[in-house]
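S.K.: Starting off with a structure, shown below.
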């Protein structure tokens, strides 16, 4: 894996050279120019854990003209993501207003205002949110009129309700490429597992070698006989694995770099593969969930100011840490501008990192990064109460958070290091 990662800077440099050459060429039309321009690269991994392991190196080696997108790892509905939710907040202010022919311009103005106001927000996500909302025009044309912003909100929220719809969002983004707010784009480097890119295409695909057992069901304790004949289930698993790699290979529009390690060679020969025993990474949340966080931490009047800080300062991939304060595990964000650590949230008792820190009596876990910034609303809190009267968290909402109607949750990922 290390050798694979060291190739990334030289690959990106080569793409920059090709893009510069394409810019200087006199092409007869945009279609021909498109063939020689590289805008999107996807680096595909077999497992989320392998992606997390490589991410710190990728973030450190990334240049300013490269935008990193992590595909399909969101632990909740996409409409909760800060940049996507900003449009829902916009719709909520005008729910009963009729959608007039100029609503697209109003949307564009609002999204451009978000880009201009919040330099820490992901402009690519704002652009995608705009394209998703813009796609409602196609639905509007099928109706007789009298649509309101409430109808637009319902369409937008339903489309983003499942994190699996990230592929659909990308397709809508590409469909409306002539309407993009960001005209001069950096190279987009998408990091993803192979499962999450079905139906998508990229100018270049880089497939990382894997250390996952083959088949995935094979015992990790080394008792499996590697040279024994495969049983029927293992034969089926190997076939499914080959199909998965085929999907990954065929996502490339122009170039494919597939790195073949021992596992990939074993797959080609229909053999089992058992990796060497890797260290047990205790401070890693392999399956992040929203309930791994104390959702009402920033809703009290005492902590509400954290929301403004998150809105104005925190961005995806920033450095994060967890520090223990009594029985609580507080999420800290490192502000590179002020070189200070700032409180942004708290882990719940369900969080695997909190459990590991508790069991090992660890005070601090570092080397984490901000993976998601999402929204939790007062309406969500009310819905929990309606479903189960024993879970009444409404009193945790102070005056300011009630007035706003939502709070931010900063989620972290990575392989933490105890200090």
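The values are calculated or read from the model by the stated rules, or taken from the named source; none is laboratory data. Quick caveat, the model's predicted, so the values are computed rather than measured. All Cβ positions, glycine included, derive from the backbone under ideal geometry; neighbour counts span all protein chains shown.
S.K.: What's the number of the only condition in (1) over 21 Å from the mean Cα position of the chain (by Cα); (2) outside any loop (DSSP other than H, G, I, E, B); (3) at pLDDT 90 or above that residue 205 fails to meet?
M.R.: Among (1) over 21 Å from the mean Cα position of the chain (by Cα); (2) outside any loop (DSSP other than H, G, I, E, B); (3) at pLDDT 90 or above, the lone unmet condition for residue 205 is (1).
S.K.: While we're on this one: Evaluate region 286-309: report whether one residue or more is touching a helix residue (DSSP H, G or I) at 6+ places or on another chain (Cβ under 8 Å) and on the phi > 0 side of the Ramachandran plot.
M.R.: Taking every residue of region 286-309 in turn, none turns out to be touching a helix residue (DSSP H, G or I) at 6+ places or on another chain (Cβ under 8 Å) and on the phi > 0 side of the Ramachandran plot.
S.K.: Within region 316-341, which residues are farther than 15 Å from residue 409 by Cβ and either part of a strand (DSSP E or B) or in contact (Cβ under 8 Å) with a residue 60 or more places away in the chain (or both)?
M.R.: Answer for region 316-341, where residues must be farther than 15 Å from residue 409 by Cβ and either part of a strand (DSSP E or B) or in contact (Cβ under 8 Å) with a residue 60 or more places away in the chain (or both): 317, 319, 321, 323, 324, 325, 328, 334, 335, 340, 341.
S.K.: Going by what's in this entry, would residue 357 be described as in a helix (DSSP H, G or I) and buried (at least 21 other Cβ atoms within 10 Å of the Cβ)?
M.R.: On the way: in a helix (DSSP H, G or I): yes; buried (at least 21 other Cβ atoms within 10 Å of the Cβ): yes.
So residue 357 fits the description; yes.
S.K.: Identify, please: which residue in region 136-174 is within 18 Å of residue 196 (Cα to Cα), part of a loop (DSSP other than H, G, I, E, B) and touching a helix residue (DSSP H, G or I) at 6+ places or on another chain (Cβ under 7 Å) and is, among those, modelled with the highest pLDDT? Steps first, answer last, please.
M.R.: Initial filter on region 136-174 (within 18 Å of residue 196 (Cα to Cα)): 159-174.
With the extra rule that they be part of a loop (DSSP other than H, G, I, E, B), the set shrinks to 160-162.
With touching a helix residue (DSSP H, G or I) at 6+ places or on another chain (Cβ under 7 Å) added as a condition, the list becomes 160-161.
Details: 160: 91, 161: 85.
Among them, the one singled out is 160.
S.K.: Looking at this structure, is residue 308 part of a helix (DSSP H, G or I), over 21 Å from the mean Cα position of the chain (by Cα) and surrounded by 18 or more Cβ atoms within 10 Å (Cβ to Cβ)?
M.R.: On the way: part of a helix (DSSP H, G or I): yes; over 21 Å from the mean Cα position of the chain (by Cα): yes; surrounded by 18 or more Cβ atoms within 10 Å (Cβ to Cβ): no.
When the stated conditions are applied, residue 308 does not pass them.
S.K.: Additional query: Does any residue of region 212-226 turn out to be modelled with pLDDT of 90 or more and buried (at least 18 other Cβ atoms within 10 Å of the Cβ)?
M.R.: Within region 212-226, none of the residues are modelled with pLDDT of 90 or more and buried (at least 18 other Cβ atoms within 10 Å of the Cβ).
S.K.: May I pose another question? From 242, 254, grab the single residue that is in a strand (DSSP E or B) and modelled with pLDDT of 90 or more.
M.R.: Details: 242 fails: in a strand (DSSP E or B).
Exactly one residue qualifies, and that residue is 254.
S.K.: Can you name every residue in region 352-377 that is out of contact with any strand residue (DSSP E or B) (no Cβ under 7 Å at 6 or more places or on another chain) and under 18 Å from residue 290 (Cβ atoms)?
M.R.: Within region 352-377, 352, 355 qualify.
S.K.: Here is a list of conditions, (1) modelled with pLDDT under 90; (2) surrounded by fewer than 19 Cβ atoms within 10 Å (Cβ to Cβ); (3) under 27 Å from residue 327 (Cα atoms), and residue 279 meets all of them except one; can you say which number that is?
M.R.: Only one criterion in (1) modelled with pLDDT under 90; (2) surrounded by fewer than 19 Cβ atoms within 10 Å (Cβ to Cβ); (3) under 27 Å from residue 327 (Cα atoms) is unmet by residue 279, namely (3).
S.K.: Taking helices (runs of 4 or more DSSP H) that fall entirely within region 35-135, which contain at least 3 residues that are surrounded by fewer than 17 Cβ atoms within 10 Å (Cβ to Cβ) and either modelled with pLDDT of 90 or more or touching a helix residue (DSSP H, G or I) at 6+ places or on another chain (Cβ under 9 Å) (or both)?
M.R.: Values: elements: 48-61, 82-92, 103-117, 123-134.
Hits in region 35-135: 103-117.
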